[in-house]
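Worksheet: one structure, shown below.
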Amino acid sequence: MRDVAFRQQLLMTVVLLPLTFLLWYASGPALTYPATLAAGLLLEFWVPSVVAEVFTEGVELYVVTHFGDANGTVVPATQADHEIAFKINTRLVSYGVPFYAALLWSSRVDSLIGRFSVGLFGLWTMMALGLVAIAAKDLMLVVGAPFLSLGSVPPMPIIGLAYQTSVLLIPSLAPVMIWLFQLRDTPLWRQLADQLESSRSSE
Amino acid sequence: MSKFLIIFLVALSVLFTVELLIPVQHHVIQPFTTSLATVSAAIITPFDDNVISSGRVLRDALSGFAVSIESGCNGVEATIVLIAGVLAFPASLRQKLTATLLGFVAIQALNIVRIISLFYLGQWNYTIFEWFHLYLWPILIMVDVLIVFALYLRWLSGPNNDSQLTVDSHA
């Protein structure tokens, strides 16, 4: 029965997932607000000549640019009768929050609220960077040269890699990494360590 | 533990970058993704002969609804996470290869369940489909990776295993 705690942990995580996902959905934009706010500030600070405004409506993050479209060509907004804008579904980067909550809440750890607050801060940071990466990909595809020619903008492959990492890996992996980090010095962690130690001594 | 983390992150970064290279996508990932659609169709067909597989697309001949299996839906990223974890953990080459192979099978088995479930969820309710597709299934696949890795640790620490485990004092 060496790894009962770990099996219980995983089982409880799966059981808690529907509840945490429900809470995440019900919270709407509130749970992700710090991340969307940080992403907006980062974008406006990073490429102020391209990004005019960033705001949220519900769970959508809107990025308004200084550019418009005239006969299929990207031109400054002053030469067009509109501004190019696009929206980003913030849930694409925030669905790791209910996963992290399920992992942590199913763990036998003390200071649950404190740990959750720290973990959530870490996830917000990842989410903000993820939203910036998604916006960079959209700016690369929609605005193109005026964005890519800026000195502060990395090459296209880097933007592509950042986008793929932010969408495909980070939302599901970051919660696990933060959770494992926070498990240090817990009974579950010590049990796993003992398990490894016993195998080493059995050699 | 810090050594594990560094090797894990380096392996993850390298493998993920390699996966995104165009030649790798063209010669490995896309053919593999196509084979997932073929396998999914082969599993469904005995129960539902309206399913057609064409390249990476699964289509229902009656409703016209189709799903295209793209990057992120082929389980490759989850497999990369598992491989990075296996590589980072001290064990023999044989154990690492075994874990990678069996883990790959376990992840892809669940991934085919994901593809088939999404194919039918999409025909039933598009909102539910999006929820499962974008939010729930990626988490469930990551839980699968965690379970596989936990089983691997258990196997390594088994009394009859000739593992060469050496872990940092904290881990």
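The values are calculated or read from the model by the stated rules, or taken from the named source; none is laboratory data. Because the structure is a prediction, the values reported are computed rather than measured. Positions of Cβ are backbone-derived with ideal geometry, glycine not excepted, and every protein chain shown enters the neighbour counts.
Can you tell me which residue in segment B:70-102 is surrounded by the fewest Cβ atoms within 10 Å (Cβ to Cβ), limited to those that are away from chain A (no Cβ under 14 Å) and among the hydroxyl-bearing types (Ser, Thr, Tyr)?
Among them, the one singled out is B:THR98.
Kindly indicate whether any position in segment B:45-61 is closer than 30 Å to B:VAL86 by Cα, more than 14 Å from every other protein chain (Cβ to nearest Cβ) and surrounded by 13 or more Cβ atoms within 10 Å (Cβ to Cβ).
Within segment B:45-61, the subset closer than 30 Å to B:VAL86 by Cα is B:56.
So of that shortlist, the ones also more than 14 Å from every other protein chain (Cβ to nearest Cβ) come out as B:56.
From the residues that got through so far, the ones that are surrounded by 13 or more Cβ atoms within 10 Å (Cβ to Cβ) too are B:56.
Among the residues of segment B:45-61, at least one is closer than 30 Å to B:VAL86 by Cα, more than 14 Å from every other protein chain (Cβ to nearest Cβ) and surrounded by 13 or more Cβ atoms within 10 Å (Cβ to Cβ), which makes the answer yes.
Identify, by number, the condition in (1) touching a residue at least 40 places away in the same chain (Cβ under 8 Å); (2) under 17 Å from A:LEU139 (Cβ atoms) that A:ALA85 doesn't meet.
Answer for A:ALA85: the failing condition is (1).
Does segment B:137-152 hold any residues that are more than 7 Å from chain A (Cβ to nearest Cβ) and farther than 16 Å from B:ILE112 by Cβ, and which are they?
Residues of segment B:137-152 that are more than 7 Å from chain A (Cβ to nearest Cβ), as a first pass: B:137, B:140-141, B:144-145, B:148-149, B:151-152.
Passing the criteria: B:PHE149, B:LEU151, B:TYR152.
Taking segment A:19-37 on its own, how many of its residues are facing chain B (nearest Cβ under 9 Å) and either more than 28 Å from B:PHE149 (Cβ to Cβ) or not aromatic (Phe, Trp, Tyr) (or both)?
The initial filter retains those residues of segment A:19-37 that are facing chain B (nearest Cβ under 9 Å), namely A:21, A:24-25.
Retained after the next criterion (residues that are either more than 28 Å from B:PHE149 (Cβ to Cβ) or not aromatic (Phe, Trp, Tyr) (or both)): A:25.
Adding up the residues that qualify gives 1.
Pairs please, first residue from segment B:2-14 and closer than 10 Å to B:LEU87 by Cα, second anywhere and outside any helix (DSSP H, G or I) and aliphatic (A, V, I, L, M), Cβ atoms under 8 Å, 6+ apart in sequence or on different chains.
From segment B:2-14, the pairs are B:PHE4/B:VAL167; B:PHE4/B:ALA171.
With the checklist (1) surrounded by fewer than 15 Cβ atoms within 10 Å (Cβ to Cβ); (2) at pLDDT below 90; (3) assigned to a helix (DSSP H, G or I); (4) within 14 Å of chain B (Cβ to nearest Cβ) in hand, flag the one item A:THR78 doesn't pass.
(4) is the only condition that A:THR78 fails.
Can you tell me which residues in segment B:130-158 are in a loop (DSSP other than H, G, I, E, B) and either in contact (Cβ under 8 Å) with a residue 24 or more places away in the chain or hydroxyl-bearing (Ser, Thr, Tyr) (or both)?
Kept after step one, since they are in a loop (DSSP other than H, G, I, E, B), are these residues of segment B:130-158: B:157-158.
B:SER157, the sole residue that qualifies.
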